[in-house]
1. Checking the conditions here, which among 461, 476 is surrounded by 11 or more Cβ atoms within 10 Å (Cβ to Cβ) and at pLDDT below 75?
2. In this structure, is residue 509 under 25 Å from residue 610 (Cα atoms), surrounded by 15 or more Cβ atoms within 10 Å (Cβ to Cβ) and over 36 Å from the mean Cα position of the chain (by Cα)?
3. Please indicate, with yes or no, whether at least one residue in the stretch 622-636 is closer than 26 Å to residue 265 by Cβ and without any contact (Cβ under 8 Å) to a residue 24 or more places away in the chain.
4. From the set of residues in the stretch 298-315 that are in contact (Cβ under 8 Å) with a residue 60 or more places away in the chain and not in a loop (DSSP other than H, G, I, E, B), which is surrounded by the most Cβ atoms within 10 Å (Cβ to Cβ)?
5. Can you go through 564, 483 and tell me which one is over 23 Å from residue 323 (Cα atoms) and either at pLDDT 95 or above or part of a loop (DSSP other than H, G, I, E, B) (or both)?
6. Check whether at least one residue in the stretch 425-435 is assigned to a loop (DSSP other than H, G, I, E, B), over 30 Å from residue 532 (Cβ atoms), out of contact with any helix residue (DSSP H, G or I) (no Cβ under 9 Å at 6 or more places or on another chain) and modelled with pLDDT of 80 or more, and report yes or no.
7. Residue 627: over 24 Å from residue 600 (Cβ atoms), part of a strand (DSSP E or B) and touching a strand residue (DSSP E or B) at 6+ places or on another chain (Cβ under 7 Å), yes or no?
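The values are calculated or read from the model by the stated rules, or taken from the named source; none is laboratory data. This structure is a prediction, so every number in the text was calculated from the model and none was measured. Note that we place each Cβ from the backbone using ideal geometry, even for glycine, and neighbour counts take in every protein chain shown.
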């Protein structure tokens, strides 16, 4: 049987035997796969005792939760069905949690079994340290967390000291700040931690984010975890990948589960009774079926086929590329949805502005009408006063005429009486004039008061108009600055795919055996499409991460995923692809792992880079197979690898490639 079609464990055993046979020819550089099992065979690992500590905290005094107790009981029940011995704690205080964790670690050390710790409840971070919060914790200030909660690192240290082959830690503890405004935390959610050796660390949502308590009987994360645990023969990594996909879609991207792993072997909640050894023909058919699906969906613009592929092949040969494509498709849909919301908000704002303008115009009309009525009233009052004065004058003249006539008729006989009457009439006239003058003064004062009132109404209307046209700008809440680098994690870096025409990277190629420089070359971006980058004269084409699609020599690749969208220490993936060459079709399979983040110095400078190691097998139309080893270094901010190393050897022992490419200089926008 060709080694290319052996299982991963068979491949490692085959490579070791081949290495021992060829030790003389291959001395100096190992051709072995990069990861050797930690001493527990696959069948042994799944046959070991299974121990679980499950904690669900719900009854917090200040910020009670709904689902953690339900989640914990449901997880405990499912784990018992898969052979776990379960210790379940509900609404535990600090002493109870600490005692249970100590006993759990001691039992793991004694039995050397597979350990699983699950926690649902409140959690928080302080200075990059994560804390699980007991129900009896009274937190008055941030410093109280160290003394009144359970620190995650102490749990991890205890499980690591047990020296058992494998541990799984699952934390559904990323609710909102349980202390409210009384004790504001530095950051949301939990801090990123790298999984200790031989363990898997899973969060219900990505570091620095929060997960909801859920609307049903279980939280969103645990609801999907319960479903996927029941799937027979599913590796734990595949279980969690399916959970992540389902949670992300259900929450519309608001909650995305996250894992860090350093597991070396496969673990199954429901392991297969027998690991079936596929024949070469079956392996070839399985890969061709997956490749056929990938070729159909690799440029899909709808999420459904990509999600279906990822559910079917969560650790498939194209899963990293499919996940990136799904991310882009969902981002575009979310952007369209956001644009629709923006347009709707804009239309609503325009509607409100139009209504406000109509209200302003109506108010102006009302005030104008009030001013018109007031002016008419003022004019009517003036006319009334003038009429009154005219009538009074007419009456006075009439009275004078009457008195004069009577006086003339009686002048002869009543001169003395008439003189007295004239005196009285004169007094009455003076009083009447004084009364009329007083009425005139009062009328003028009323007119001035009406004018002042109208002026004040116009001033108030203008102030109201200015207030409506100049709303207050909301004041942004102060943001708490992030603290220094996280000492518990090497971090996660997502590759920059924002290429620009003219970007260039210059490399030198060195023979790893002789240390002699073989050549120098430049990769310069000539053209960019939605999914590809074309270099130089157009004969070299890669995807956005640097995976080769077409070489200058005419070789064509089908879906290689050497390079992936996101890197973190411990991440593993596989790839299998075909290369169409003039002499026939070559097939290659690799296992890759991010093994470290380290400082490296090359001609282009010193970089803080992720080191990725990969090993696998290749076969072509010629006899024998090739043991392949490819390592590379990825530096944040650099769009291409800064170092690549290739060591390929034929099964006969002949060295095919033994080269290192180093970045000399780069120019990227």
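1. Details: 476 fails: surrounded by 11 or more Cβ atoms within 10 Å (Cβ to Cβ).
It is 461.
2. yes
3. Among the residues of the stretch 622-636, at least one is closer than 26 Å to residue 265 by Cβ and without any contact (Cβ under 8 Å) to a residue 24 or more places away in the chain, which makes the answer yes.
4. Taking the candidates together, the pick is 310.
5. Only one candidate passes the filter, namely 483.
6. no
7. Working: over 24 Å from residue 600 (Cβ atoms): yes; part of a strand (DSSP E or B): yes; touching a strand residue (DSSP E or B) at 6+ places or on another chain (Cβ under 7 Å): yes.
Answer is yes for this residue.
Conditions (1) modelled with pLDDT of 85 or more; (2) within 20 Å of residue 222 (Cα to Cα), marked per residue:
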position: 113; (1), (2): yes, no
position: 140; (1), (2): no, no
position: 143; (1), (2): no, no
position: 159; (1), (2): yes, no
position: 171; (1), (2): yes, yes
position: 184; (1), (2): no, no
position: 195; (1), (2): yes, no
position: 198; (1), (2): yes, no
